[in-house]
Amino acid sequence: MNLILMICFARSGGTLLNRCLGSLENTVILSEVSPLGGGWGSRGEKSYTTIKEQAYNWWGINIESDDYFDGIVELHKICNEENKHLIIRDWSFINFVPYVNNKLNPPNRLLTFDGLRNYTDIIPFAFVRDSIDIWISRGTPPINKFYQQYLKYIEVLLREGIRIFKFEDFVNDPNKIMSELCIFLNIEYSELFLNFENFNKINGDSFGSDSRGYKRSIIRPLPRKIIKKEKIQEINKCELLVEANRLLNYPTLYDNGSLENRLMKNLRRLKSYLE
């Protein structure tokens, strides 16, 4: 079986898809791993950030190597022997955004993809989202700096010819897109992925209080968050945003998306305070 590589930028819906893929039969998925370190966020419990830790603590598989790539090779061999699909969810964010794990100097390339494609046949794919919603979800950091980083990420995906699936398509028709994804990955499709809420062998923001979708048990679209007028003006004037969304055939204006109703937003906030 080919090794599967899932590539996803922060706040693009990767945690949801991670849980869906992990809910399928005969899949072993590692979550937010990278040669530069690993992600975090598993229900407030200890986060497992290495290949060796995740394989043992989540899947009960012992591997000997502490090396990132050797560990994946070893785990892939074990999975093949057990007739299971190994899926690596790359912590792609760390490759393009200055962060402590990359010593504030991102390599601006997909390290896991570059390393693995020289080892074996892999099936890479990317899961993307409208960058306006990513920027808003990340707390609206300085917009030009964010889009300089994000645009490099998109350009690498397109240059490498990596197959792209869209978050918006998935939440609008989960069965259709999951079926298409499974065909592409040579995985057997089943509606077990709809039990994603029970899958917790994962790193990511799914269990954080700042994620609107983390308590949902049904896959469906969420309206775009309402933001201040000044932030909307930033969006609509940002040339780098226009280029990033144009490359992936997304709208380039904030108000092209369906907006979150203010009353619903306030009710959501009140509910979170009471819990």
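The values are calculated or read from the model by the stated rules, or taken from the named source; none is laboratory data. Since this is a predicted model, take the numbers as computed values, not measurements. In this analysis, Cβ positions are derived from the backbone assuming ideal geometry, glycine residues included, and neighbour counts consider all displayed protein chains.
Among the charged types (D, E, K, R), modelled with pLDDT of 95 or more, under 28 Å from Trp40 (Cα atoms) and more than 19 Å from the chain's Cα centre (by Cα): is that true of Glu239 in this structure?
No: the conditions fail for Glu239.
Out of the residues in the range 28-82 that are over 22 Å from Phe96 (Cβ atoms), out of contact with any Asp or Glu (no Cβ under 8 Å at 6 or more places or on another chain) and polar (S, T, N, Q), which is modelled with the lowest pLDDT?
Once the filter is applied, the top-ranked residue is Ser42.
In this structure, does Ile202 turn out to be closer than 27 Å to Ile164 by Cα, touching a strand residue (DSSP E or B) at 6+ places or on another chain (Cβ under 6 Å), at pLDDT 90 or above and surrounded by 15 or more Cβ atoms within 10 Å (Cβ to Cβ)?
yes
I'd like to check something: does the range 247-260 contain any residue that is modelled with pLDDT of 95 or more, in a helix (DSSP H, G or I) and either surrounded by 12 or more Cβ atoms within 10 Å (Cβ to Cβ) or not hydroxyl-bearing (Ser, Thr, Tyr) (or both)?
Yes - at least one qualifying residue is present in the range 247-260.
Identify the single condition in (1) under 22 Å from the mean Cα position of the chain (by Cα); (2) in a helix (DSSP H, G or I); (3) of a type in the set (D, E, K, R) that Asp90 does not satisfy, given that it satisfies every other one.
Tallying (1) under 22 Å from the mean Cα position of the chain (by Cα); (2) in a helix (DSSP H, G or I); (3) of a type in the set (D, E, K, R), Asp90 fails exactly one: (2).
Does Asp67 satisfy the criteria of being in contact (Cβ under 8 Å) with a residue 12 or more places away in the chain, among the acidic types (Asp, Glu) and surrounded by fewer than 21 Cβ atoms within 10 Å (Cβ to Cβ)?
No; evaluated as a whole, the condition is false for this residue.
Per-residue answers, yes or no, for (1) in contact with a Phe, Trp or Tyr (Cβ under 6 Å, 6 or more places away or on another chain); (2) of a type in the set (Val, Ile, Thr); (3) at pLDDT 95 or above:
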position	(1), (2), (3)
Tyr99	no, no, no
Asn105	no, no, yes
Ile123	no, yes, yes
Lys152	yes, no, yes
Leu158	no, no, yes
Ile162	no, yes, yes
Lys166	no, no, yes
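Taking the conditions exactly as written (over 24 Å from Gly139 (Cβ atoms), in contact with a His (Cβ under 6 Å, 6 or more places away or on another chain) and surrounded by fewer than 23 Cβ atoms within 10 Å (Cβ to Cβ)), does Thr27 satisfy them or not? Spell out the reasoning first.
Values: over 24 Å from Gly139 (Cβ atoms): yes; in contact with a His (Cβ under 6 Å, 6 or more places away or on another chain): yes; surrounded by fewer than 23 Cβ atoms within 10 Å (Cβ to Cβ): yes.
Taking the combined requirement at face value, the residue satisfies it.
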